[in-house]
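Notes follow once the structure below has been shown.
The values are calculated or read from the model by the stated rules, or taken from the named source; none is laboratory data. The structure displayed is predicted, hence computed values, not measured ones. Heads up, the Cβs are rebuilt from the backbone with ideal geometry, glycines too, and the neighbour counts pull from every protein chain shown. Ligands, DNA and RNA are stripped out before the accessible areas are found, and what is left, the full protein with its side chains, is counted by its heavy atoms. Shrake-Rupley method; radii C 1.70, N 1.55, O 1.52, S 1.80 Å.
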Amino acid sequence: MVHACAKAGEMDKAHHWLHEMQERNLKLDVVAFGSIVNACAGEGDVAGAESWLEKMEALGLSPNLVLYNSVLNACARAGHVDKAMHWLQRLEAADIQPDHYTYNSIVHVFSRAGQPEEAGKWLCTMRDVGLSPDVVTFTTVIHGFGKASRAATAETWLNRMEDSCLHPNTATLNCLISSFSRSHQLDRALFWLSDIRARQLQPDLMSYTSAIAACVRTGSSTELVEQLHSQLVAEGLRPDRYLRSVLRSARGAQEAKLQIH
């Protein structure tokens, strides 16, 4: 019952049945607690996931790597560096060997928290212990540097990724388009947009939105903006609310220029 309720997202019922088992002195196992820990973590309830994992330990049950990773991932998605590092230490203290998913969560939390240098160091640590960073690992580091407006460094990490015989995907290259857009470097943003196609990948809405935003930030003519807009529509993409606001901004700026002249 606990597992079924937790899987269905009915956390109150899952808690009820777990307490019911305790009151009836029924045997509680890793599976029962794990269902709730995983469900809390999946919903982004870091405090709940931590609490149930601690209750599990208090009863003498030993969490496995999957459960520690689940809590670590929830901490990473929430950007809680201190909590993520705390659970990494707990994992290691339990003589459990961190795996690929563990390190990806640590890389993620530092990237999300605006500490891309630390994210990069953990990628290197991952490699030092004999684990292979994947496309997600590198993309997370690239995203971190991009978000910090360090586009050139993000580009360097893309080179390192390719030196590792890994191929970037659209999400990876979108990080570079977005970063150069923030840095007001239109030529580089457009280069990486065209590079997506050169790699036989498909640009998505984020690709075009970042490129169009670069046009607006650099005061480019609406002709280029409209050209990019036409391309995305021709590819079956539909502007979302944010892109529509960017397009209005570009068109409004052009009208203002015409009125001045």
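Worth a mention:
- Residue within the stretch 167-183 that is free of Cβ contacts under 8 Å to residues at least 40 places away in the same chain, within 28 Å of residue 76 (Cβ to Cβ) and exposed (fewer than 14 other Cβ atoms within 10 Å of the Cβ) present: yes
- Pair list, Cβ < 6 Å and 6+ apart or interchain, from the stretch 57-74 residues that are assigned to a helix (DSSP H, G or I) to residues that are open to solvent by 60 Å² or more (accessible area, probe 1.4 Å): 69/101; 70/38
- Across the stretch 38-80, the qualifying residues are those that are over 19 Å from residue 106 (Cβ atoms) and among the hydrophobic types (A, V, I, L, M, F, W, C), and the one among them that is farthest from the chain's Cα centre (by Cα) is 59.
- Test result for residue 258, in a helix (DSSP H, G or I) and modelled with pLDDT under 95: yes
- The stretch 72-110 - residue that is at pLDDT 95 or above and among the polar types (S, T, N, Q) and, of those, nearest to residue 141 (Cα to Cα): 104
- Within the stretch 95-126, being aliphatic (A, V, I, L, M) and either open to solvent by 10 Å² or more (accessible area, probe 1.4 Å) or under 15 Å from residue 82 (Cα atoms) (or both) holds for 96, 106, 107, 109, 113, 119.
- Scanning the stretch 184-227 for residues that are small (Gly, Ala, Ser), open to solvent by 40 Å² or more (accessible area, probe 1.4 Å) and within 18 Å of residue 151 (Cβ to Cβ) yields one hit, 194.
- Beta carbons closer than 7 Å, at least 6 apart along the sequence or on distinct chains, pair a first residue in the stretch 129-146 that is at pLDDT 95 or above with a second that is among the basic types (Lys, Arg) and open to solvent by 30 Å² or more (accessible area, probe 1.4 Å) for 133/127.
- Between 8, 39, 32, 49, the distinction of being over 30 Å from residue 136 (Cα atoms) and modelled with pLDDT under 85 belongs to 32 only.
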